[in-house]
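Asker: Got a structure for you, questions after.
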Amino acid sequence: MEPETANTPFFTVQTCEHHYCHACLQQYIQTCLDNKSMFPPKCCGKIISLASTEEKGRSLMQALDELNPSLSARLRARATELDVPPKDHLYCPNPRCSAFLGGSAVSQFHKCPSCSERVCVLCKERHLGTVRCPAQLSLEKEMMDIKFRDLAHQKSWKTCPGCGAVVERVIGCRHILCHCRSEFCYDCGFKWEECICR
């Protein structure tokens, strides 16, 4: 912080009323953005509010909007990044870009506004056009399995206790011989020798 003079424009931190000249304020914010361990900006150990919470002058964002709009935009973007849980962070997979794209719940594919790279939200890697990623294929298989199991339940189909195959009895007795050579009762689902229906 520079000593305040009558001609020095300054920013006043609302919580502790310390003053920063505009040059020092910009340098401090730049340092906080470059070093993630220093973010968010603090004064006297307290976080400097980005928005105005009181009627005590301008907020940090208002001051930066006037002084350095590009620095203000970077500060807003970093603050937005902190609002998203780390496990949901989505970054551009282009190593020359690596821009924060938001949370992973945006949509299945996301286009980076900085470099136009397409990103698969499921695997968080570069989207390869028509090729589906392993995460997407796994999710689709899981969804199909759930739908199939629901259908099997609705139709009262049984599962072989030996191999897990789903079996439908169209005609015949309750004694089922599966393709895996397991024998089970269609009515109770137990192995034939353990059947509780007899």
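The values are calculated or read from the model by the stated rules, or taken from the named source; none is laboratory data. These figures come from a predicted structure and were not determined experimentally. Reconstructed Cβ throughout: ideal geometry from the backbone, glycine too, with neighbour counts over all protein chains shown.
Asker: Could you tell me how many of the residues in the range 68-94 are of a type in the set (A, V, I, L, M, F, W, C) and at pLDDT 85 or above?
Answerer: Adding up the residues that qualify gives 5.
Asker: Considering only the range 168-188, how many residues are surrounded by 15 or more Cβ atoms within 10 Å (Cβ to Cβ) and farther than 16 Å from Arg198 by Cα?
Answerer: Result for the range 168-188: 2.
Asker: Yes or no: the range 34-56 includes at least one residue that is modelled with pLDDT under 80 and on the phi > 0 side of the Ramachandran plot.
Answerer: no
Asker: Something else about it: Which condition breaks for Asp65 when tested against (1) in contact with a helix residue (DSSP H, G or I) (Cβ under 7 Å, 6 or more places away or on another chain); (2) at pLDDT 85 or above; (3) over 23 Å from Ser114 (Cα atoms)?
Answerer: The number of the failed condition is (3).
Asker: Then there is this: Which members of the range 164-187 meet the condition of being in contact with a helix residue (DSSP H, G or I) (Cβ under 9 Å, 6 or more places away or on another chain) and outside any strand (DSSP E or B)?
Answerer: Within the range 164-187, Glu168, Ser182 meet the criteria.
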